[in-house]
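The structure under discussion appears below in the form of structure tokens.
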Amino acid sequence: MTTTATTAGKIKELEKTWAAFDRVARLRPIRTAEDYDNAVSLMNGLLDAIGDQEHHALAGLLELVGELVSDYDARHHVIAATEPVEALRYLMEIRGLRQVDLADIVAQGNLSAILAGKRKISAALAGKLATYFNISPAVFITS
């Protein structure tokens, strides 16, 4: 059982580490478009750093930021739920893109497997696709 003194000690330590963390991450509840842009930028950076490493030291932070972005999206950008591969197909279709047009982002064989439902979109690829299409990476991540 945690005592008040132990909790107070933890709070003091949090005060010290939070200031350093806050200068870097600027993690806040998302209430404005600017907050949203900051959170998406942080999420994209985390996706780039973490890639497919599920046990990465920052995986919990990515999950937290992803949930904040997803919650904001759900409140402000109401779009019918869809599978990530369906969203990718749709984005390719409305932009008139072929698989070869995404060759700089994903190998054509991998993209074929993803579009055929034989392979999932990785976290790293979700980040790259989000940057390319200028949307939230959450679109490409299965919840």
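The values are calculated or read from the model by the stated rules, or taken from the named source; none is laboratory data. Just so it is clear, the model here is predicted, and its values are computed rather than measured. Here the Cβ positions follow ideal geometry from the backbone for every residue, glycine too, while neighbour counts run over all protein chains shown.
Would you mind stating whether A39 is exposed (fewer than 10 other Cβ atoms within 10 Å of the Cβ) and of a type in the set (G, A, S)? When the stated conditions are applied, A39 does not pass them.
Residue by residue, here is whether (1) surrounded by 16 or more Cβ atoms within 10 Å (Cβ to Cβ); (2) at pLDDT 90 or above; (3) among the charged types (D, E, K, R) holds:
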position: N44; (1), (2), (3): yes, no, no
position: G51; (1), (2), (3): no, no, no
position: G60; (1), (2), (3): no, yes, no
position: G66; (1), (2), (3): yes, no, no
position: V69; (1), (2), (3): yes, no, no
position: H77; (1), (2), (3): no, no, no
position: T82; (1), (2), (3): no, no, no
position: V85; (1), (2), (3): yes, yes, no
position: L88; (1), (2), (3): yes, yes, no
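Of the residues in region 70-87, at least one is in a helix (DSSP H, G or I), among the aliphatic types (A, V, I, L, M) and over 16 Å from L129 (Cβ atoms).
Filtering region 89-143 to residues that are free of Cβ contacts under 8 Å to residues at least 12 places away in the same chain, assigned to a loop (DSSP other than H, G, I, E, B) and of a type in the set (G, A, S) leaves G96, A103, A107, A116.
To keep it simple, each residue is scored yes or no on (1) under 24 Å from T142 (Cβ atoms); (2) hydroxyl-bearing (S, T, Y); (3) in a helix (DSSP H, G or I).
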site: K12; (1), (2), (3): no, no, yes
site: R23; (1), (2), (3): no, no, yes
site: I30; (1), (2), (3): yes, no, no
site: Y36; (1), (2), (3): yes, yes, yes
site: S41; (1), (2), (3): yes, yes, yes
site: G45; (1), (2), (3): yes, no, yes
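Could you tell me whether any residue of region 38-49 is hydroxyl-bearing (S, T, Y) and under 12 Å from the mean Cα position of the chain (by Cα)? Within region 38-49 (the criterion being hydroxyl-bearing (S, T, Y) and under 12 Å from the mean Cα position of the chain (by Cα)), the answer is yes, since at least one residue qualifies.
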